[in-house]
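First up is the structure itself, then whatever we jot down about it.
The values are calculated or read from the model by the stated rules, or taken from the named source; none is laboratory data. Here the structure is a predicted model, which is why all the values come from computation and not from measurement. Neighbour counts run over all protein chains shown; Cβ positions are idealised from the backbone, glycine included. Surface accessibility is based on the protein's heavy atoms, side chains included, excluding ligands, DNA and RNA. Shrake-Rupley method; radii C 1.70, N 1.55, O 1.52, S 1.80 Å.
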Amino acid sequence: MRIFVAKDYHDLSLEAAKVVADEIVQKPGIVLGLATGATPLAMYRELIRMHREEGLDFSQVITFNLDEYIGLPPANINSYRYYMFHNFFRHINIKLKNTHLPNAMAVDVDEACQEYEQQIAGVGGIDLQVLGIGQNGHIGFNEPGVDFALGTHRAQLDEATIADNARFFASRSDVPRYAISLGIKSIMQAKKILLLASGNSKARAIYELVHGAVSNATPATFLKLHHDVQLILDEPAAMHISRA
Ligand code: PGA
């Protein structure tokens, strides 16, 4: 696991965008796994700037998002489809048909999960998976206690995650209780992983990821078993890890 500690959120975002952009330049038809949440927002802004000012080309890029809330239609401002379109896709030259999120409005959720896995496999798998991390150590909606052998599945949000994500909703009771999420197994199949963490609220989970044992009590610790993981942290998120 390679670890880069940036001085603050701004620098973390520039560094993350540089990693993603370098991969796109090397492989213009790259398959990117993308994440939502507060953490990658400035990385997306920097990638948009690189597109506008430096001609970074997304015309052949294919994306798959990590997760989507069950029951939120794409037009809902809290759906991840809405987030991706407004914060990223509409500002770059990606083809919308090449952007994928789990179909959280599907009548048959299990079928939608299987289809998503098949779509990913159909383009040869994810080349670079961008991840955030929850305060409770979740990645995607793989919450503490998750079965690590699961692929894309219907996930129940942990109470801690509902509390965390309530900041984006009018009230806590509006936060959906279920999502479709890539599983640990699916995330582990990505060829490279880039995990971003900012702020001292993430320091405990980062400590567990770097120094703890592999355990589904902190789902991100499964990344210790992956051969190509890079962490980009800011100083507060890195405060508990040994930097020798
Ligand atoms: P955040 O969420 O970027 O909004 O902190 C990260 C996550 O829960 O995975």
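Scanning the range 166-200 for residues that are within 13 Å of the ligand (Cβ to nearest atom), within 24 Å of VAL20 (Cβ to Cβ) and part of a helix (DSSP H, G or I) turns up PHE168, ILE187.
Within the range 128-152, which residues are within 11 Å of the ligand (Cβ to nearest atom), assigned to a loop (DSSP other than H, G, I, E, B) and open to solvent by less than 30 Å² (accessible area, probe 1.4 Å)?
GLY132, ILE133, GLY134, GLY137, HIS138, GLY140, PHE141, GLU143
Among the residues making up the range 62-89, a single one is open to solvent by 50 Å² or more (accessible area, probe 1.4 Å) and hydroxyl-bearing (Ser, Thr, Tyr): TYR82.
Taking the criterion of being touching a residue at least 40 places away in the same chain (Cβ under 8 Å) and not aliphatic (A, V, I, L, M), the residues of the range 227-239 that qualify are GLN230, ASP234, GLU235.
Of all residues assigned to the range 53-61, at least one qualifies as being surrounded by 22 or more Cβ atoms within 10 Å (Cβ to Cβ) and in contact with a helix residue (DSSP H, G or I) (Cβ under 7 Å, 6 or more places away or on another chain). Close Cβ contacts (under 6 Å, 6 or more residues apart or on different chains) running from residues in the range 108-137 that are closer than 22 Å to TYR178 by Cα and touching a residue at least 60 places away in the same chain (Cβ under 8 Å) to residues that are charged (D, E, K, R) and away from the ligand (no atom under 16 Å from the Cβ) comprise VAL109/ARG154.
Scanning the range 24-39 for residues that are within 12 Å of the ligand (Cβ to nearest atom) and open to solvent by 10 Å² or more (accessible area, probe 1.4 Å) yields a count of 4. Here is the figure for the range 220-239: residues that are closer than 13 Å to VAL19 by Cα and either open to solvent by less than 10 Å² (accessible area, probe 1.4 Å) or touching a Ser or Thr at 6+ places or on another chain (Cβ under 8 Å) (or both) total 3.
Evaluate the following for ALA190: is it buried (at least 18 other Cβ atoms within 10 Å of the Cβ) and touching a residue at least 24 places away in the same chain (Cβ under 8 Å)? So ALA190 fits the description; yes.
Of all positions in the range 196-212, none carries a residue that is hydrophobic (A, V, I, L, M, F, W, C) and either closer than 14 Å to ILE126 by Cβ or in contact with a Phe, Trp or Tyr (Cβ under 8 Å, 6 or more places away or on another chain) (or both).
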